[in-house]
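Here is the structure we will look at, set down as structure tokens.
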Ligand code: NDP
């Protein structure tokens with residue numbers, strides 16, 4: 001199915017999205033605030049619009065991928081009255097409340113909006129593991145899903161326009177939490193004179209792979225810790241990890257995630 005798609009924003013992500021749409025055979029128009037960022041897209045068949053209005057007019061579906069919510073507002077505000085009856089897909093990261101407010105603002109001008117969250121990085125856009133979260137009207141999602149599939153598997157997460165952003169940020173929070181842990185792990189090895197690359201390859205990677213499924217399954221909001229986790233034992237282990245950090249002179253801030261986990265285990269022990 002060949003669709004006329006415009007992309008607003010040619011940063012690293014916008015270029016990757018445009019490239020995947022071109023590759024899939026869609027008729028692609030691109031626009032970027034700073035001209036000259038289309039790279040090889042034009043040579044591959046994309047058209048570069050000189051203005052936002054021109055890009056939006058050229059398309060059946062406009063995909064917006066700018067820096068943040070403020071840049072989306074700044075870009076659309078001057079032409080919002082011309083958007084009536086148009087369909088926009090916003091893949092710009094933002095908060096859930098920003099996504100809801102944007103939808104209300106645009107719907108006031110007769111725009112149909114699908115809010116998105118990209119669960120990919122530019123090199124993985126369009127590859128097997130990539131998926132994109134969408135929220136908004138289900139019927140709109142179902143109509144657009146085949147068109148949007150080339151950038152990543154479309155996954156609808158609800159009518160509430162804020163949910164794609166919420167799930168996106170929550171998933172990123174999980175990733176940054178793991179990053180804090182892995183940074184801390186290599187800092188400990190480095191500070192103690194260990195071989196960081198070897199540790200990463202032979203210990204950290206296989207250990208994280210083995211534990212990932214338990215970490216995700218065990219993620220919990222309740223105040224209790226399941227019995228099989230043995231909160232008292234975990235608390236002792238966390239105390240040892242903090243002591244190891246202190247021995248190695250690794251910044252206390254990096255061990256913040258350990259202190260948070262220790263706090264949770266101690267609370268669980270106190271409640272049992
Ligand atoms: P870049 O920093 O590479 O690009 C930012 C884009 O936003 C450029 O096109 C820039 O235009 C434009 N922009 C910034 N401010 C304004 C403004 N005030 N008005 C108009 N245009 C503006 O970022 P990415 O392309 O990597 O990211 C784009 C979005 O995708 C972000 O929301 C990001 O969170 C999200 N995302 C990115 C991922 C990644 O790994 N890169 C992963 C998942 C989501 P100009 O060239 O003129 O400065």
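Please label the shape of region 112-169 as rounded, prolate or oblate, based on the square roots a ≥ b ≥ c of the eigenvalues of the alpha-carbon gyration tensor (a/c under 1.5 means rounded; beyond that, a/b larger than b/c means prolate, else oblate).
It is oblate, given that a/c is not under 1.5 and a/b is not larger than b/c.
Got a sec? How would 139, 48 order by Cβ neighbour count within 10 Å, fewest to most?
139, 48
With everything on Cα atoms, drop me the angle between helix 205-218 and the longest principal axis of the chain, reported from 0 to 90° to the nearest 10.
Between the helix axis and the principal axis of the chain, the angle is about 80 degrees.
If you line up the long axis of helix 12-23 against the longest principal axis of the chain, both from Cα atoms, how many degrees apart are they, to the nearest 10?
Between helix and principal axis, roughly 60 degrees.
Can you tell me, using C-alpha contacts under 8 Å and at least 6 residues apart, the relative contact order of the chain as a whole percent?
For the chain, the relative contact order is 13 percent.
Below 8 Å between Cα atoms, with a sequence gap of 6+, how large is the relative contact order for region 4-158 in percent?
Computed over region 4-158, the figure is 20 percent.
Tell me, how many Å apart are the Cα centres for region 1-48 and for region 146-189?
One Cα centre to the other: 24 Å.
To make sure I understand, if each residue's beta carbon is the centre and we count other beta carbons within 10 Å, what order do 13, 211 fall in, fewest to most?
Placing the least packed residue first, the sequence is 211, 13.
Nearest 500 deg cm²/dmol is fine: what mean residue ellipticity at 222 nm does the chain get from its DSSP H runs of n ≥ 4 alone, each adding -39,500 (n - 2.57), divided by its residue count?
Theoretical 222 nm ellipticity from helices: -15000 deg cm²/dmol.
Please report the relative contact order for region 121-171, taking Cα pairs under 8 Å with a sequence separation of at least 6, and give it as a percent rounded to a whole number.
42 percent
Given axes a ≥ b ≥ c from the Cα gyration tensor, I'd like to know whether the chain is rounded (a/c under 1.5), prolate (a/b larger than b/c) or oblate.
prolate
Cα centroid distance between region 75-136 and region 195-230, in Å?
34 Å
Nearest 10 degrees, 0 to 90: what angle lies between the long axis of helix 231-248 and the longest principal axis of the chain (Cα atoms)?
90 degrees
Every read-out reported here was derived from the displayed coordinates using simple, explicitly stated rules and does not represent laboratory data. Quantities reported herein were computed from a predicted structural model and do not represent experimental measurements. Every residue, glycine as well, gets a Cβ built from its backbone with ideal geometry; the counts of neighbours run over all protein chains shown.
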